[in-house]
């Protein structure tokens, strides 16, 4: 029995040591990143100390504080810094000036060297212990002397040891607890008790009508996706970026290509005859997702949808409400669940500019398996068909090496956006502009979209009344979006092209007809029972063009009557003007 107790005690000690090591690793990471990631490059001769400090401030985004009257008469210096660390750069700039530096958070303070040496000389050895609410020791608490690089981590018993001058301030922080500061006085031992911060452990989500609630307080399932998860891998239709990020949600991308519609089904199909798609809600107002139908068997026109017009850079967060109970306030339209989108507002502070750019390359992920043993014909014989590939066996000399993916191009999607945010305590403004330009895998397929968004939030009457207005303008055009279906679909003839014929011949898809005085389709295989045409003729001479202009405007007014009661009203206008044009050149089937 005694051996068992010793084993348990040793196991607990090992666990505590492991936790201490893990906490040390996590808590030391930010400090290491801050000191190692900053790199400074200055190549200048006869530069003043003040100019050099301004250059440091510009490259590091840190605020550098100094007495200009004391540094302006210092002799000019020659600098040859190439990706130097912050510490080594400051030492080089301040050499022989009688000044040194102190780091305090995001600030660099230039101080006389005598003051720094005096503070260092007065440093004393102090010890302490950090406890939680229940008086239990906390392992791995970060204890740091503000304005210096001196710090320590509490051990298994919550104890720490470091050297700090009298009058300095200790910053004590730990995940899940409210940070504290302690001023160093004449005493040598300190005891600190940290209070747990429940706010750090509570996640707030947006539910119906824009109401915010703690996720753990809800009686139904809500899952939240942040904006950075949507923009890590950019997609012309941001809905596809939710794939794999929300449990119980199935997202099927259509075959329409870039910008095509997507089908979002939560917890299985709900209806045989009706749609099982989720409802989309933007800033508390439902948005009906028009489009997404496309053609069926006797056509092949692809389609986009209304939700695909939203710029993902404008989204702050998405709350996914699965089930009818979660979306009860939106009525029967949300019986299949709801995707609640909260868009970005302007932030209080200086003007912030964000620029984002991305490139996505497109290639066929999975191709059907095609036989390569039999050539043009049917029933093992040649000459009785020009469109089937089940003729006589091919010898090695007769094999052309054609693969249907030879028809595809390497597609590319270019995404660029810029955002501006600024504001005061009373008024905040947000603006964004974005462009999506793509060339699809099917030849002559294009998709372009341009988004412009403006939003302004203003507070009145001692912040009791808030007015929120926004406007968006979207220009979108696409060409030859191809969906499933056999008519005017270049994939049908590209996939069924006989294996014994030379595909390179049909790449020159049109020939001049002297009698008709026009260029006509060249397709030696003939029409066939699938109404096949030259795939390149379909791509370039059976054109499907779509141009769309859309503007959305919304306004919301709320008034805080009491601390627990407010009234709000919202209105939204969503107008779309679309023009579709189909062109069939002469000699098309």
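The values are calculated or read from the model by the stated rules, or taken from the named source; none is laboratory data. Remember, predicted model here, so these are calculated numbers, not experimental data. Cβ: placed from backbone, ideal geometry, glycine included. Neighbour counts: every protein chain shown.
Table for the structure above
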{"read-out": "Residue in segment 264-273 that is assigned by TED's automatic domain parsing to the domain that holds residue 333 and either at pLDDT 80 or above or in contact with a helix residue (DSSP H, G or I) (Cβ under 8 Å, 6 or more places away or on another chain) (or both) present", "value": "yes"}
{"read-out": "Test set (1) more than 25 Å from residue 483 (Cβ to Cβ); (2) outside any strand (DSSP E or B); (3) at pLDDT 85 or above - residue 307 fails condition number", "value": "(1)"}
{"read-out": "Qualifying residue in segment 529-552 (condition: part of a strand (DSSP E or B) and over 40 Å from the mean Cα position of the chain (by Cα))", "value": "no"}
{"read-out": "Hits in segment 80-97 (condition: under 16 Å from residue 38 (Cβ atoms) and either in the same structural domain as residue 148 (by TED's automatic domain parsing) or buried (at least 16 other Cβ atoms within 10 Å of the Cβ) (or both))", "value": "81, 84, 86, 89, 90, 92, 93"}
{"read-out": "Residues that are touching a residue at least 40 places away in the same chain (Cβ under 8 Å) and surrounded by fewer than 18 Cβ atoms within 10 Å (Cβ to Cβ), drawn from segment 128-147", "value": "131, 132, 133, 135, 146"}
{"read-out": "Odd one out for residue 457, checked against (1) within 29 Å of the chain's Cα centre (by Cα); (2) more than 30 Å from residue 563 (Cβ to Cβ)", "value": "(2)"}
{"read-out": "Test: residue in segment 504-525 that is in a loop (DSSP other than H, G, I, E, B), touching a helix residue (DSSP H, G or I) at 6+ places or on another chain (Cβ under 7 Å) and closer than 14 Å to residue 443 by Cα", "value": "yes"}
{"read-out": "Positions within segment 36-92 being in a strand (DSSP E or B) and either touching a residue at least 60 places away in the same chain (Cβ under 8 Å) or closer than 19 Å to residue 112 by Cα (or both), in sequence order", "value": "63, 64, 65, 77"}
{"read-out": "Matching residues, segment 332-366, being in a strand (DSSP E or B) and surrounded by 13 or more Cβ atoms within 10 Å (Cβ to Cβ)", "value": "338, 339, 340, 341, 342, 343, 352, 356, 358, 360, 362"}
{"read-out": "Segment 58-79, residues that are loosely packed, with under 14 Cβ neighbours inside 10 Å, touching a helix residue (DSSP H, G or I) at 6+ places or on another chain (Cβ under 9 Å) and over 22 Å from residue 106 (Cα atoms)", "value": "72, 75, 76"}
{"read-out": "Only listed residue being farther than 28 Å from residue 359 by Cβ, modelled with pLDDT under 90, touching a helix residue (DSSP H, G or I) at 6+ places or on another chain (Cβ under 7 Å) and not assigned by TED's automatic domain parsing to the domain that holds residue 575, chosen from 487, 402", "value": "402"}
{"read-out": "Candidates 528, 556 - the one that is surrounded by 10 or more Cβ atoms within 10 Å (Cβ to Cβ) and at pLDDT below 90", "value": "528"}
{"read-out": "Flag for residue 541 being in contact (Cβ under 8 Å) with a residue 12 or more places away in the chain, closer than 30 Å to residue 468 by Cβ and surrounded by 15 or more Cβ atoms within 10 Å (Cβ to Cβ)", "value": "no"}
{"read-out": "Selected residue (criterion: surrounded by the fewest Cβ atoms within 10 Å (Cβ to Cβ)) from residues of segment 148-167 that are within 42 Å of the chain's Cα centre (by Cα) and at pLDDT below 85", "value": "149"}
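Listed here are the residues, each with its yes/no results for (1) without any contact (Cβ under 8 Å) to a residue 40 or more places away in the chain; (2) over 27 Å from the mean Cα position of the chain (by Cα).
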{"residue": "352", "(1), (2)": "no, no"}
{"residue": "366", "(1), (2)": "yes, no"}
{"residue": "398", "(1), (2)": "no, yes"}
{"residue": "410", "(1), (2)": "no, no"}
{"residue": "416", "(1), (2)": "no, no"}
